[in-house]
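Below is one structure, written out as structure tokens; the observations come after it.
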Amino acid sequence: MSVCPKCGAKVTSAVKTWSAALAQTKSAEGKSQIFIGVFECPTCKTRFRARVRHAQKLEQTANVKNEMVRIKGVWDGLMQTLKALREKIQMLEMERKNLLDEVASLREAAESRVASLEGEVGQMREEAKALKELLGADDNVPVQPLPAESGSNSS
Ligand SMILES: [Zn+2]
């Protein structure tokens, strides 16, 4: 807030403000931040420059800005995470599809293997049956024992 130098009216807010470094010659701190603003008198429309006393308000604005930047950062991070998650989900879904395809083709292969083994086993059963019938026809013929030519190796 400032006071119009022409008519003395109170001017509450600056049209424009900026910060300036003020050299404080007799201070140990050397420099301190001050704010200068352009004010416009609402009564006589006079424009004048003056020090702005609501540095705290500007600081708050800066804090809000920082907070906005921080929130944007958090938001960006979230978006990044979401993007990464979406990509991961897509990858996993693709992998799942590939695995399902692989399992399906393996099952198909296993089923055809089972079918071919069943075919082979059936054929072997037929052959065994035929052989048994062939042997069964000579059932009464005793199996000739091998002639004991050499009794030397009966240890
Ligand atoms: Zn004025």
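The values are calculated or read from the model by the stated rules, or taken from the named source; none is laboratory data. Keep in mind that this is a model prediction, so the values were computed, not measured. Glycine gets a Cβ as well: all are built from the backbone with ideal geometry, and neighbour counts include every protein chain shown.
When you check Ala55 against the structure, is it at pLDDT below 80, of a type outside the set (Phe, Trp, Tyr) and more than 30 Å from Lys6 (Cα to Cα), yes or no?
Numbers: at pLDDT below 80: yes; of a type outside the set (Phe, Trp, Tyr): yes; more than 30 Å from Lys6 (Cα to Cα): no.
It is false that Ala55 is at pLDDT below 80, of a type outside the set (Phe, Trp, Tyr) and more than 30 Å from Lys6 (Cα to Cα).
Which residues, taken from region 6-16, are on the phi < 0 side of the Ramachandran plot and near the ligand (Cβ under 8 Å from one of its atoms)? Lys6, Cys7, Ala9, Val11 - these are the residues of region 6-16 that are on the phi < 0 side of the Ramachandran plot and near the ligand (Cβ under 8 Å from one of its atoms).
Run down Met68, Met79, Met94 and say which single residue is surrounded by 10 or more Cβ atoms within 10 Å (Cβ to Cβ), of a type in the set (A, V, I, L, M), modelled with pLDDT of 80 or more and closer than 30 Å to Ile36 by Cβ.
Numbers: Met79 fails: closer than 30 Å to Ile36 by Cβ; Met94 fails: closer than 30 Å to Ile36 by Cβ.
After applying the criteria, what remains is Met68.
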